[in-house]
Each structure stands twice: as C-alpha cells, then as structure tokens.
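S.K.: I have a structure here, written as structure tokens, and I will follow up with some questions on it.
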Amino acid sequence: MKILLTGLMLLISAGAGAVELKATHEVAYAKYGERELLLDWFRPDDDKIYPGVIVVHGGGWLGGTRKAFETMSREIAAAGYVVANLDYRLATEAEFPGAVLDTKAAIRWMRANAETLALDREWIGAVGGSAGGHLVAMAASTGNNEAFSKEGNHSDQSDALQATVIFGAGVDQVTRVKESKSGSIKNCVIFFGGEYSEVPEVYAQGSPITHVSETTSPILMIDGEFDSPGTRYGDYRKKLDEAGVRNEFLMIPGAKHGQWGRNDFRPKYVEAILAFFASVSGS
C-alpha cells in the first residue's frame, strides 16, 4: 500500500486490484465555541457518487484517536464508500451526551457536504468499536431525536443512519454497572457524571437499548471469540426484534476485545461490514 500526504492520492489493495483513493485529513466537522473537532475522509478517486460511512474509535470514552481506525477506513472506502474517520470529545472534556452529539454531528456534516464529497446523502452507515460502538449504536436509535440537540453544526440536516455495525460495544449501561462486581465502573462514572446510584436516569438515557424503536437502523453486532461473544446483546436483540428492526450477530474466531485493527483479524471484520452494508442497501 502506498500512502502520500494529506489531500493527495493513496493506493490501497482491494480484491483483485488496487484502488486509488482521494484522502483529506484534519477537516473540522463540528465546532463548540473555539473547539473544533476533526475527521479524515477517504473515497475512491473517481466521479461516482457513493454511500457514506462514519467510523468511530473506542477507548472507554476516555482515550483513543481516529488513527486506530485509519487502515480499516481506507479499506472500506476502497470498496466504494465515502468514509469519515473521526475524533470526538472524550469524557474528560465533555460528559454524556457530548460524544453522542459529536457522532451525530459527523453524520450531519457528511450530508451537508454531500456535493463536495460526491456522497449519496440518502445512505450513511456507521462503524464503531467498543466505546465507539456504543456511540454509533446511540446514533442508530436517535436519528433526529429532539432529546439530543443538533448543536455543533448543520442543524438543518438529518442525523439518521441507514445501517450500523458495532464491535464489542456496551448497549445496556444500566445492566452493565449492576452486574459489575463493585457496582461501579470508573469510565462510566466519568462519562455519565456520577455513580449509577446518583444519576440512574443518565445511565438509562446513555444506553442504546433505551432508545430502540422501529426507526432504529439495521444493526450488525460483532464480537471476538474471546470477548464474551453475544452476552452484551441478549435483551437488546429482543427489543430490536420486538421493534421489527433487522439485527444480526457474528463471532470472529480467535479474536479478543479491541483486535479488530490487527492485520490477522481486520480483513474478517471488513468483509462482514461490507457484506452487511451491501445486504441492507440491496447493492
């Protein structure tokens, strides 16, 4: 794979040949006062209009950067997508719902810039790992939800998703903390602004399971074999089924939590993402 500088072209292997990508780095997609949030975007270097995808990194809401998902973002783009790989405000900067609002702002940014990106604004999917999976799962069920402000940018644009893929993500933060040995999870305390006993309603509002409805996008859940496969999603999948929302689960053999970026596992995750997106869009 050949990588050049921001704004130039890069080549990436895809299937039988190499796909030339257009890449632009460090683009401001949302602004809160003087604080700008950045993303990198990638797409095939041609004149075709492609569906969009946002990619959201993990790190327990307390760490991580978009760089962890850069290779995967390029590989998804090479398959025929406009991909925005974003950073968001960590919990030490903005408590819930800050990072959720940022994730939704990235969706609106894509739609607002559809002409420049040569993007099909009617179809935007999302991919997220761990905390990033939680954030895109929240976005999947809160499209245009007035309870989540459209602050940061482009309030005139929709922030609804058409398909969502999550890796190792906590979708029920209430049950998660109740089942923890100590009844407290440090990163949850920071993200939600207190212990569950102090702000139970915030933990509930910050749980994707709370917001499931018939408008939730189709969703694929992927866990590694050594990442408690499927155990996070039991009640969540029941609610999705009750709402008539398509949902699927896949286990990646041999993988642990957070290994979706490793060279030996990443192709399996990318293959699953692309197959799910294609099946949802009918392409």
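Bear in mind these aren't lab numbers, they're just calculated from the coordinates by the rules spelled out. Values in this document were obtained by computation on a predicted structure and should not be read as measured data. Cβ: placed from backbone, ideal geometry, glycine included. Neighbour counts: every protein chain shown.
S.K.: Checking Asp241 against (1) in a helix (DSSP H, G or I); (2) within 20 Å of Gly132 (Cβ to Cβ); (3) of a type in the set (Asp, Glu): exactly one of these is not met. Which one?
M.R.: Result: Asp241 passes all but (2).
S.K.: Against the condition under 19 Å from Ala137 (Cα atoms) and in contact (Cβ under 8 Å) with a residue 12 or more places away in the chain, how does Gly52 come out, does it pass? Spell out how you get there, then give the answer.
M.R.: Details: under 19 Å from Ala137 (Cα atoms): yes; in contact (Cβ under 8 Å) with a residue 12 or more places away in the chain: yes.
Criteria met by Gly52.
S.K.: Still on this structure, please answer the following. Looking only at region 177-187, which residues are at negative phi and either touching an Asp or Glu at 6+ places or on another chain (Cβ under 7 Å) or free of Cβ contacts under 8 Å to residues at least 24 places away in the same chain (or both)?
M.R.: First pass over region 177-187, keeping only residues at negative phi: 177-182, 184-187.
Across region 177-187, the qualifying residues are Lys178, Glu179, Ser180, Lys181, Ser182, Ser184, Ile185, Lys186.
S.K.: Considering only residues that are crowded, with 19+ Cβ neighbours inside 10 Å, among the aliphatic types (A, V, I, L, M) and free of Cβ contacts under 8 Å to residues at least 40 places away in the same chain, which ones fall in region 194-214?
M.R.: Ile209
S.K.: What residue, among those in region 258-283 that are without any contact (Cβ under 8 Å) to a residue 12 or more places away in the chain and among the charged types (D, E, K, R), is farthest from Val53 (Cα to Cα)?
M.R.: Here the residue is Asp264.
S.K.: Looking at region 74-88 only, could you name the residues that are touching a Lys or Arg at 6+ places or on another chain (Cβ under 8 Å) and either closer than 21 Å to Ala99 by Cβ or part of a helix (DSSP H, G or I) (or both)?
M.R.: Listed by number, the residues that qualify are Glu75, Ala77, Val83, Asn85, Leu86, Asp87.
S.K.: Now, a different point. Would you mind stating whether Leu38 is surrounded by fewer than 19 Cβ atoms within 10 Å (Cβ to Cβ), under 24 Å from Gly261 (Cβ atoms), in contact (Cβ under 8 Å) with a residue 24 or more places away in the chain and aliphatic (A, V, I, L, M)?
M.R.: Values: surrounded by fewer than 19 Cβ atoms within 10 Å (Cβ to Cβ): yes; under 24 Å from Gly261 (Cβ atoms): yes; in contact (Cβ under 8 Å) with a residue 24 or more places away in the chain: yes; aliphatic (A, V, I, L, M): yes.
Yes: the conditions hold for Leu38.
Residue-by-condition table, conditions (1) under 19 Å from Asp235 (Cβ atoms); (2) touching a Leu at 6+ places or on another chain (Cβ under 8 Å):
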site: Thr164; (1), (2): yes, yes
site: Asp172; (1), (2): yes, no
site: Ser180; (1), (2): yes, no
site: Val199; (1), (2): no, no
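S.K.: I'm checking my understanding of the structure. Among residues of region 150-176 that are touching a residue at least 60 places away in the same chain (Cβ under 8 Å) and within 17 Å of Glu214 (Cβ to Cβ), which one is surrounded by the fewest Cβ atoms within 10 Å (Cβ to Cβ)? Full working, then the answer.
M.R.: The first filter runs over region 150-176 and keeps only residues touching a residue at least 60 places away in the same chain (Cβ under 8 Å), leaving 151-153, 162-163, 165, 167-172, 175.
Right, trim to within 17 Å of Glu214 (Cβ to Cβ) and you get 162-163.
Details: Gln162: 20, Ala163: 24.
If we take residues in region 150-176 being touching a residue at least 60 places away in the same chain (Cβ under 8 Å) and within 17 Å of Glu214 (Cβ to Cβ), then Gln162 is surrounded by the fewest Cβ atoms within 10 Å (Cβ to Cβ).
S.K.: Kindly evaluate Ile190 against the criterion of being of a type in the set (Val, Ile, Thr), in contact (Cβ under 8 Å) with a residue 12 or more places away in the chain, farther than 16 Å from Val136 by Cβ and in a strand (DSSP E or B).
M.R.: Working: of a type in the set (Val, Ile, Thr): yes; in contact (Cβ under 8 Å) with a residue 12 or more places away in the chain: yes; farther than 16 Å from Val136 by Cβ: yes; in a strand (DSSP E or B): no.
No, not satisfied.
S.K.: Next question. Would a scan of region 126-143 turn up a residue that is surrounded by fewer than 21 Cβ atoms within 10 Å (Cβ to Cβ) and not charged (D, E, K, R)?
M.R.: yes
S.K.: Can I ask one more? Going residue by residue through region 271-279, is there one that turns out to be outside any helix (DSSP H, G or I) and surrounded by 15 or more Cβ atoms within 10 Å (Cβ to Cβ)? Reasoning before the result, please.
M.R.: Restricting attention to region 271-279, the residues satisfying the condition of being outside any helix (DSSP H, G or I) are none.
The answer is no, given that none of the residues of region 271-279 is outside any helix (DSSP H, G or I) and surrounded by 15 or more Cβ atoms within 10 Å (Cβ to Cβ).
S.K.: Moving to a separate point now. Is there a residue being crowded, with 24+ Cβ neighbours inside 10 Å and touching a residue at least 12 places away in the same chain (Cβ under 8 Å) anywhere in region 108-115? I'd like the intermediate steps shown before the answer.
M.R.: Of the residues in region 108-115, the ones crowded, with 24+ Cβ neighbours inside 10 Å are 109-110.
Filter once more, so that each one left must be touching a residue at least 12 places away in the same chain (Cβ under 8 Å): 109-110.
Within region 108-115 (the criterion being crowded, with 24+ Cβ neighbours inside 10 Å and touching a residue at least 12 places away in the same chain (Cβ under 8 Å)), the answer is yes, since at least one residue qualifies.
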